[in-house]
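Quick notes on the structure that follows.
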Amino acid sequence: MVNNYDDRKIVIGAIIVLIIAVFIIKLFTLQVLSNKYSNSSNSNSQRHVTEYPARGLIYDRNGKLLVFNEAAYDLQFIPKQSESFDTTELCKILDIKKEILIEEINKAKKYSYYKPSIIVKQISNVTYAQLQEKLYKYTGFYIQARTIRMYPEKTSAHVLGYIGEVNQKKTDEDKYYTSGDYIGISGIEKSYEKELRGVKGKKIYLVDVHSRIQGLYMNGKYDTLAIPGQNLITTLDAEIQAYGELLMQNKIGSIVAIEPKTGEILAYISSPTYDPNMLVGRKRSKNYSILSQDSLKPLFNRAIAAKYPPGSIFKLVQSLIALQLGVITPETGFPCNKSLVGCHDHPDAGCIRDAVKMSCNPYFYQVFRRIIQQGKNRSVFRDARIGLDIWQKLAVSFGLGKKLDIDLDGIKAGQIPSVKFYDKWYGKNRWAFSTIYSNSIGQGEVEVVPMQMANLAATIANKGYYFTPHIVKGVGDNKKPIQKYLKKHQTLIEKKWYDEIIPGMYDVVNSPGGTAHQAKIDSIKVCGKTGTAQNPHGEDHSVFIAFAPMDNPQIAIAVYVENSGFGGTWAAPIASLIIEKYLTRTIVNKEKEKRILEADFIHKKYETNN
């Protein structure tokens, strides 16, 4: 007979064993495999504090400090460690409204009860001193030391850029960053973020139940030191930069000056500009909103992002291409036939030197026609395709129609129109020289940015080559140069043809009949070319490019002043003042300087002639 009680004992025993096994497995999982409770415990006894490194300093080419760091503090909050406190007193110390403080505290609770959240960012030294005395009253609150950027010269905003809080997308892409970190948003701060930021460190503190630090955890065994960021030596000349910004007050446009032999940018002005200190600290968001809504667009980086018609400065490129192709010689002359294209009154140009000096529109109409319609095909349309393709390749070799690989983000390519471009616009075999002749004098579909204009001046000064313009001269204490900026870029134009053009540029400034006599400096041989770019929306733009001295170029420059008229009237004298200031550190013609400083093309209209 089967004993049912024995069977029941076996079943009951099995159930008990199973229950015990489940409990053992669960305890093993919680205590050994899972760190959930360990983390919770650690959060109550330890405080992990990020040690933020000092961001690298930024200097000009002569060692003048352009950007430094100033101490600032973030007030952080751990909800789990908090007790009741006097919100009115805390708000008074922090100079914020009670609603804002409560809103930030609620956000912190929603995020995590155990992890710190920033309640108030970038507290000043004065506020920090007041808060430090009473921080013991506010359990769960503690200070995180940070730094903010300061700009002693109050210049170079578009070059230096600014920093801001990292966004979610960046923290997802790069695990170095966590919420609340700061990162370069624009300018050098963005381009050289990895060099400037340094490496974060970490300290782990033991805290009591009132969130008071009791010492280092494990005597600092797991702490790491922050590594400061590397310093940058820029190519800028701080004195010339400040002077250029002064000259461009109440004007819209740009100045870019380059050292031809290196490609180093000496001055970089986008006007209107702003004090870079406006985008620092707790007022950054408010000030950014004001700047972004300004109708004059002070945040817009015109030096690399504004695409303009080059006007008559482009005649230099046309001349060199035509000489290279052999469609003209240095002695080729054309009458100033205004029935072809409008022009100012001057004698006929009997050679290329005179054509450059007088900036004769009909002359360069004929030059461009010879480039485009070379008679290589019986069809005028197919012939134009062949000519334009050759012209486009040669023009691009000057660094036009493509993005220069400078060390600033946001540069535009401009445009040198191609066969593909016109085929799309007009249709294949439906355009010829007569359709696109406006390009002959730098109007039409040709577009350049001021950086390309300055680079063009440097290329001509070098008689056929350029180094990519750049803003940083060296990185770190050893001032290590950046290798890619040591590479020479050769144009497709032989050196001998530059020798035919440069004398004409000298005449533009220094000879009777030249279009830029206001750029003349008695002690310096300046070579230049004016441009008056047509503006369908208002007053024409004033354009000038130049280099000096003629025999040993040390500076190449482009000046673009919007809505101001003739190139020789405004852009040329501005360029000459920059050249003189850079080469001699003084200004002789105070009347010329006074006239430029007083000129206002924003608030009132000026005459565009002498």
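FYI, it's all coordinate maths here, none of it is from the lab. Just so it is clear, the model here is predicted, and its values are computed rather than measured. A quick note on method: Cβ atoms are made from the backbone with ideal geometry, for glycine too, and the neighbour counts reach across all protein chains shown.
Output the relative contact order of the stretch 47-232, whole-number percent, from Cα pairs under 8 angstrom with separation of 6+ residues. Mind showing how you got there, number by number?
Details: 344 pairs, mean separation 60.3, N = 186.
Relative CO of the stretch 47-232 lands at 32 percent.
Mean residue ellipticity at 222 nm, helices only, the chain: -10500 deg cm²/dmol; runs of at least 4 DSSP H residues each add -39,500 (n - 2.57), and the sum is divided by the number of residues.
Figure the gain on full extension for PHE68 and GLU445 (residue separation times 0.36 nm, minus the Cα-Cα span) and round it to one decimal in nm.
Numbers: separation 377, 0.36 × 377 = 135.72 nm, distance 4.37 nm.
This chain segment gains 131.3 nm when fully extended.
On the basis of the beta-carbon distance and an R0 of 25 Å, TYR465 and THR329 show a calculated FRET efficiency of 0.55. Looking at (i) 73, 65, 46; (ii) 127, 73, 44; (iii) 79, 60, 44, which value of Cα extents along the principal axes in Å comes from a calculation on the structure shown? Here the calculated entry is (ii).
Within 10 Å, Cβ to Cβ, of ALA533, how many net charges do the neighbouring residues add up to if Lys/Arg are +1 and Asp/Glu are -1? It works out to a net charge of -2. Per-peptide packing, taken as the mean over residues of other Cβ atoms within 10 Å, places 310-317, 578-585 in the sequence 310-317, 578-585 from highest down. Once the Cα atoms are used to define both axes, helix 361-372 deviates from the longest principal axis of the chain by about 70 degrees. The ratio of the alpha-carbon radius of gyration of the stretch 307-421 to the globular-protein estimate 2.2 N^0.38 Å is 1.16.
With both labels modelled 7 Å from their Cα along Cα-to-Cβ, the ALA226 to TYR426 distance reads 6.2 nm.
Taken along the Cα-to-beta-carbon direction at a fixed 7 Å, the label points for ASN589 and SER179 span 6.1 nm.
Legend: P(r) of the stretch 352-415 from all alpha carbon pair distances, 5 Å bins from 0, whole percents, reading 4, 15, 16, 15, 19, 14, 10, 6, 1, 0. Using every pair of separate Cα atoms, the Kirkwood estimate puts the hydrodynamic radius of the stretch 493-538 at 12.0 angstrom.
For the stretch 47-232, a crude dipole built from +1 on the beta carbon of Lys and Arg and -1 on the beta carbon of Asp and Glu, taken about the Cα centre, is about 280 debye to the nearest 20.
Report the full-extension gain for the segment GLN214 to GLU494: residue separation times 0.36 nm, less the Cα-Cα distance, to one decimal in nm.
Once the chain is fully extended between GLN214 and GLU494, it gains 93.3 nm.
To the nearest µm²/s, what D does Stokes-Einstein give for the stretch 47-232 at 10 °C and 1.306 mPa s, using the Kirkwood radius over alpha carbon pairs as Rh? Estimated via Stokes-Einstein, D reaches 88 µm²/s.
Which value, in nm² and rounded to one decimal, describes the direction-averaged projected area of the C-alpha convex hull of the stretch 447-585? Working shown, then result.
Working: hull surface 40.8 nm².
Orientation-averaged projected area of the Cα hull: 10.2 nm².
Quickly rank 385-397, 246-258, 423-435 as a protection proxy: mean count of other C-beta atoms within 10 Å, highest first.
On the way: 385-397: 19.6, 246-258: 23.9, 423-435: 14.2.
Final packing ranking: 246-258, 385-397, 423-435.
Taken along its principal axes, the alpha carbon cloud of the stretch 200-349 reaches lengths of 93, 36, 26 Å, longest axis first. Relative to the dominant Cα principal axis of the chain, helix 284-293 is inclined by about 30°.
Highest mean packing comes first when the peptides 508-518, 493-503, 371-381, 355-365 are listed by Cβ atoms within 10 Å, giving 355-365, 508-518, 493-503, 371-381.
Other residues with beta-carbon under 12 Å from the beta-carbon of THR171 carry, at +1 per Lys or Arg and -1 per Asp or Glu, a net charge of -2. Multiplying the residue separation of PHE85 and SER289 by 0.36 nm and subtracting their alpha-carbon distance yields 70.0 nm. Note on THR435/ASP409: beta-carbon distance plugged into 1/(1 + (r/R0)^6) with R0 of 41 Å gives a FRET efficiency of 0.70. Rounded to the nearest 20, the size of the Cβ-charge dipole of the chain about its Cα centre is 1400 debye, with Lys and Arg at +1 and Asp and Glu at -1. Placing pseudo-labels 7 Å out from each Cα toward the beta carbon at HIS517 and HIS537 gives an inter-label distance of 3.5 nm.
Once you keep just the Cα pairs under 8 angstrom separated by 6 or more residues, what percentage relative contact order results for the chain?
Values: 1280 pairs, mean separation 81.2, N = 610.
Computed over the chain, the figure is 13 percent.
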